[in-house]
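Scroll down for the structure; my scribbles are underneath it.
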Amino acid sequence: MTWTRCVLLTGLFIVLGCATASNQEDEKDKWAHHMQGLNWTIGYDDGLAKSRAAGKPAFVFATASWCGYCKKLAAESFTDEAVKQLLDRFELVLVDIDAEIYVAKELDVQGVPNIIMKSEDGKTFARIDGYLETEEFLRQLDSALAVYEEL
């Protein structure tokens, strides 16, 4: 009886582990058009934890799968080499506002795309609300990093 229970529990953990890994890959596939090959963490809490652990500020991209301007921002700006160099200084965090409604409220996201930059201790030091052309996005990102370096 005990042996059977042990085997069943082991099988259950294996199935759940595979399902979790599969769900993470499914999420990455779902957001591929937003991620543009960059190393994103999907989910606010996980992303902030990684930011703290890495000692890097968090670049929180509040978005939605249906958001055309989010896709445009990602396709134009997240692929730009100068932008990518600056983004490398952040822990990149993708937040699906439809799935993480509480986060959208907490961050006061009124629309998407919305980018919130947070220090390792979770304090907001800059925001970019709405879509920007790459050149302006780069300027604002550079200014945000200057603010961060003054903290």
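The table that follows gives values for the structure above.
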read-out: Scope region 47-62; condition part of a helix (DSSP H, G or I) and under 23 Å from residue 97 (Cβ atoms); matching residues; value: 47, 48, 49, 50, 51, 52
read-out: Search result, residues across region 106-118 that are without any contact (Cβ under 8 Å) to a residue 24 or more places away in the chain and either over 19 Å from residue 66 (Cα atoms) or within 15 Å of the chain's Cα centre (by Cα) (or both); value: 106, 108
read-out: Verdict on residue 38 being modelled with pLDDT of 65 or more, in a helix (DSSP H, G or I) and in the same structural domain as residue 126 (by TED's automatic domain parsing); value: no
read-out: Residue selected from region 61-78 under the condition out of contact with any Ser or Thr (no Cβ under 9 Å at 6 or more places or on another chain) and either not assigned by TED's automatic domain parsing to the domain that holds residue 95 or not aromatic (Phe, Trp, Tyr) (or both), by the criterion nearest to residue 105 (Cα to Cα); value: 62
read-out: Given (1) in contact with a strand residue (DSSP E or B) (Cβ under 7 Å, 6 or more places away or on another chain); (2) small (Gly, Ala, Ser); (3) closer than 19 Å to residue 38 by Cα, index of the condition residue 82 fails; value: (1)
read-out: Residues of region 99-135 satisfying the condition of being touching a strand residue (DSSP E or B) at 6+ places or on another chain (Cβ under 9 Å) and part of a helix (DSSP H, G or I); value: 103, 104
read-out: Residues satisfying the stated conditions in region 105-125, i.e. of a type outside the set (Lys, Arg), crowded, with 19+ Cβ neighbours inside 10 Å and out of contact with any Cys (no Cβ under 7 Å at 6 or more places or on another chain); value: 107, 109, 114, 115, 116, 117
read-out: Residue satisfying condition, being in contact with a helix residue (DSSP H, G or I) (Cβ under 8 Å, 6 or more places away or on another chain) and closer than 23 Å to residue 29 by Cα, within set 115, 128, 97; value: 97
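Yes/no per residue for (1) in contact with a Ser or Thr (Cβ under 8 Å, 6 or more places away or on another chain); (2) over 17 Å from residue 40 (Cα atoms):
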site	(1), (2)
89	no, no
94	yes, no
106	no, yes
118	yes, no
124	no, yes
139	no, yes
145	no, yes
149	no, yes
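The values are calculated or read from the model by the stated rules, or taken from the named source; none is laboratory data. Bear in mind that the values here come from a model prediction, so they are computed numbers and not experimental data. Note that each Cβ is placed from the backbone with ideal geometry, even for glycine, and that neighbours are counted across all protein chains shown.
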